[in-house]
Amino acid sequence: MLLHQQFVRMAKKNASKLAIIDKTLNKKVTYSKALIGALILSKKFKKYEEGFIGIMIPTSAGSALATVGALMSGRVPVMINYSTGAEANARYAQSKCNFRTIITSRALLDKINCPVVEGMVMLEDIMASITTGEKLSAALKSKLPAGLLLNMIHKGSEDESAVILFTSGSEKDPKAVQLSHKNIASNIENFGNYVNIYDNDVLLANLVFFHVFGLTVNLWVTFFYGLTMVCYANPLDFQTICKIAKEEKPTIMVGTPSFFWGYLHKSEPGDFKTLRIMVSGADKCPDALREGYMEKHGVTLLEGYGATETSPVISVNTPEFNRPGSTGRVIPGVKVKVENFETGEECKAGEVGKIMVKGDSVMKGYYNDPDITAEAITDGWYNTGDMGYFDADNYLWHAGRFKRFVKIGGEMVSLVKVENTLEKHLPTGVSCCVVDVADEMRGSSIIATVTIEVNKSEILKKMGDELPNIALPKHFIVIRELPMMSSGKIDFRSVTAIVQDILNNPGKENLA
């Protein structure tokens, strides 16, 4: 199934229904208007080179329709991160994927102080150049029966790339992930069937489309099922998101723990009470966050697990099958096995190993990186780089990135487990991140970073009741604001660099 063709089918079926409520621009767009807009943009994009086309626009009706229009024109959208280092990211994308044109917005460039990069085309200029004749032509075309209309837009194969997304780069340079129409459509269908998405659901789309979570579960879930999307450009504007949730009464919302913490603190009781499905992903979901949503809004915050390379959903808890702390059961159509990281044998229930994934939602590969692709995928099995285990009831538990395990005294220590234990004994509102810093003389040392000064000896004593001595942090370092990725994940690479700098220059910061 081709994503843009499914959009056309839904637009024809739900012509008068609201497709997008854009809360940034205060615009409401019906499916019939969305179809006309996508057809106009598709025609405009045909004058640019074939192949890839960059999209660098905040979450909005314009961003959604530009993404659909690109596919309708036979171009493949390359989604560019504008939240940090927009100019560098735009140039990196052009160089990595060898293309020129980037559709962006002058308002965005002004807001983020990004210079115009060669090849950038402003959406405002495209919109201003649309003639009355082009509007009429697209409107007439949109009235054609779905079958005829589908013959007039790009056809192609479901194995063609539907998007290029870049990995977060929290550990190394971003990789260009190629996801096909089949990858994304199969994931949406399997996820939707498992959590029960209905055509009258209203989806609060607060995530950026340059990350897989936002692109798939916000944008394409909406158009695949013919839902109404309520979108807003800034997920960090916590107060406004809470107000939108209260006003627009969404039934589905997904996000990251760091965003959900922000909404919890800024919301009034009941702001999120209409949510039927609320899923936290991209990072571990603390018990206190789950408890906070239940107490304040009467909503069950569910946890899920996925990866850019798997389009993204691998497993998710549902209202019917929910085991807090786990990442839920594996969704239909996806296979997961947990392998012993040394022997490669399949692990028994409760035994931690590498999480391997197979199925139609596993990416085509990393663009122009056959060697790295071959390292990541063997016989169709994608190595997520994550560690975890199945319990006796087939719930999948995430134990952290393989790179977030460290060997000390011959034992494998999970930094995530250390982090979870530390978190339980910190004062309310204090965030933490645990990293390991290697030293040629002493080997690996576990370092805890916290956002305020804490009583180190008291906390270590409590942690010592739950962890072996080798897993206890050697130092506590105060970092007032932990660096975050735009996805809401902690940027471990930056935290580690800060820690190394402080350890090498002790005068810079007190060790707790």
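The values are calculated or read from the model by the stated rules, or taken from the named source; none is laboratory data. Here the structure is a predicted model, which means the values were calculated and not measured. No Cβ is skipped: glycine too gets one built from the backbone with ideal geometry, and neighbour counts run over all protein chains shown.
Does any residue in region 216-228 that is within 20 Å of Ala245 (Cα to Cα) come within less than 6 Å, Cβ to Cβ, of a residue that is assigned to a strand (DSSP E or B) and among the small types (Gly, Ala, Ser) six or more places away or on a different chain, and which pairs are these?
Partner pairs satisfying both residue conditions: Asn218/Ala205.
With in contact with a Leu (Cβ under 8 Å, 6 or more places away or on another chain), in the same structural domain as Met356 (by TED's automatic domain parsing), touching a residue at least 24 places away in the same chain (Cβ under 8 Å) and farther than 22 Å from Thr167 by Cα as the only criterion, which of Val279, Val330 stands out?
Val330
In the list Lys354, Lys417, which residue meets the criterion of being touching a residue at least 12 places away in the same chain (Cβ under 8 Å) and assigned to a strand (DSSP E or B)?
Lys354
Determine, yes or no, whether Ser157 is part of a loop (DSSP other than H, G, I, E, B), of a type in the set (S, T, N, Q) and modelled with pLDDT of 95 or more.
The answer is yes for Ser157.
Counting only residues that are under 23 Å from Asp369 (Cα atoms) and not acidic (Asp, Glu), give me the helices (runs of 4 or more DSSP H) lying completely in region 14-119 with at least 2 of them.
86-97
Of these, Ile184, Ile188, which one is buried (at least 19 other Cβ atoms within 10 Å of the Cβ) and out of contact with any strand residue (DSSP E or B) (no Cβ under 6 Å at 6 or more places or on another chain)?
From the options Ile184, Ile188, the qualifying one is Ile188.
Can you find a residue that is among the charged types (D, E, K, R), part of a strand (DSSP E or B) and within 29 Å of the chain's Cα centre (by Cα) anywhere in region 437-447?
For region 437-447, residues among the charged types (D, E, K, R), part of a strand (DSSP E or B) and within 29 Å of the chain's Cα centre (by Cα): absent.
Could you list, in sequence order, all residues of region 175-208 that are under 19 Å from Pro250 (Cα atoms), in contact with a Leu (Cβ under 9 Å, 6 or more places away or on another chain) and not in a helix (DSSP H, G or I)?
Of everything in region 175-208, those that are under 19 Å from Pro250 (Cα atoms), in contact with a Leu (Cβ under 9 Å, 6 or more places away or on another chain) and not in a helix (DSSP H, G or I) turn out to be Ile197, Tyr198, Asp199, Asn200, Asp201, Val202, Leu203, Leu204, Ala205, Leu207, Val208.
Are there any pairs, at least 6 apart or on different chains, whose C-beta atoms fall under 6 Å, with the first in region 231-253 and over 13 Å from Val202 (Cβ atoms) and assigned by TED's automatic domain parsing to the domain that holds Leu204 and the second small (Gly, Ala, Ser) and not in a loop (DSSP other than H, G, I, E, B), and if so, which?
Phe238/Gly262
Considering each residue of region 304-339, count those that are within 27 Å of Gly365 (Cα to Cα), buried (at least 21 other Cβ atoms within 10 Å of the Cβ) and of a type outside the set (Phe, Trp, Tyr), and give that number.
19
Among the candidates Glu458, Glu481, Glu466, single out the residue that is closer than 20 Å to Lys284 by Cα, exposed (fewer than 12 other Cβ atoms within 10 Å of the Cβ) and at pLDDT 85 or above.
None of the other options fit; the residue is Glu481.
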